[in-house]
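> Just passing along the structure, written as structure tokens.
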Amino acid sequence: MKLQVGAIKEKATSLVSEEPAEAYPALLAVQEAGECRFVAPVTARLSVGKEYDHIRAHGEVSTTVALVCSRCLVDFTQELHTSFTIFYSPASVGPQDEEVELSEEDLVSIPYEGDEIDFTPEIVAQLITEIPYKPLCREECKGLCASCGVDLNVTECTCEKDAFSLKFSALKDFKVDK
Ligand SMILES: [Zn+2]
Ligand SMILES: [Zn+2]
């Protein structure tokens, strides 16, 4: 997603794209590293306008990925969605000293050079931050038993019970003996 700087006006321009993840080398690299598999196109909506001495880009990006749960190893799909605002400043005038950047709180400001801005690298970077580092098929996933390996979401196993009831065994024996 590129725009000529001269074509960016105060009234925001909208850009929409829908591309397979494979069209983005950075996403392809993530997929090849085995972190996730993209199972839907990457939809990006960008609204770009001029503001004072910088360019403001608001983006919404979404896709769907297939992940492997880090606890129970099951395959599942998850929608990813991110919205963000990025400011682009001309490299010559941009906030190059740290003081200015620090005062801008969480806002990302990126210097640009030349008369064209390619928004793609930032769009892709924003999407990558949404990929869960430790995917969970669901919040309360019980995972696999550490000793016998059964999926504790599906079934229970005796080893878990044994470990759990160990400290109560004395009490249990006492009751049984009576
Ligand atoms: Zn799970
Ligand atoms: Zn077990």
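The values are calculated or read from the model by the stated rules, or taken from the named source; none is laboratory data. Keep in mind the model is a prediction, meaning the values are calculated, not measured. Heads up, the Cβs are rebuilt from the backbone with ideal geometry, glycines too, and the neighbour counts pull from every protein chain shown. These area figures cover heavy atoms from the full protein model, side chains too; ligands, DNA and RNA do not enter into them. Shrake-Rupley method; radii C 1.70, N 1.55, O 1.52, S 1.80 Å.
> Work out from phi, with θ = phi - 60° and the Karplus expression 6.51 cos²θ - 1.76 cosθ + 1.60, the ³J(HN,Hα) of each residue of region 17-22, listed in order in whole Hz, and give x for Gly and Pro.
Residue by residue, region 17-22 yields 9, 9, 9, x, 4, 4 Hz.
> Multiply the residue separation of GLU19 and VAL39 by 0.36 nm, subtract the distance between their alpha-carbon atoms, and state the gained length in nm to one decimal.
6.0 nm
> Could you calculate the FRET efficiency of LEU28 with ASP118 from 1/(1 + (r/R0)^6), where r is the beta carbon distance between them and R0 is 25 Å, rounded to 0.05?
0.90
> Below 10 angstrom from the Cβ of ALA12, what's the summed charge of the other residues (Lys, Arg +1; Asp, Glu -1)? Can you show the working numbers first?
On the way: positive: LYS9, LYS11, LYS50, ARG56; negative: GLU10, GLU51.
Overall, the nearby charge balance is +2.
> Probe 1.4 Å, all protein chains in place: accessible area of THR129 in Å², nearest 10?
Surface open to solvent at THR129 totals about 100 Å².
> Sorting GLU79, GLU122, GLU116 by accessible area (1.4 Å probe), largest first, what list results? Mind showing how you got there, number by number?
Details: GLU79 150, GLU122 40, GLU116 80 Å².
From most exposed to least exposed: GLU79, GLU116, GLU122.
> Compute the length gained on full extension between ASP53 and CYS159: take 0.36 nm times their separation in residues and subtract their Cα-Cα distance, giving the result in nm to one decimal.
31.6 nm
> Tell me the Kirkwood radius of region 2-140: reciprocal of the mean inverse pair distance over distinct alpha-carbon atoms, in Å.
16.5
> Which order do you get for ARG138, ARG45 if you rank them by accessible area with a 1.4 Å probe, largest at the top?
Descending accessible area places them as ARG45, ARG138.
> Can you sort TYR112, TYR133, TYR88 by 1.4 Å-probe accessible area, starting with the largest?
From most accessible down to least: TYR133, TYR112, TYR88.
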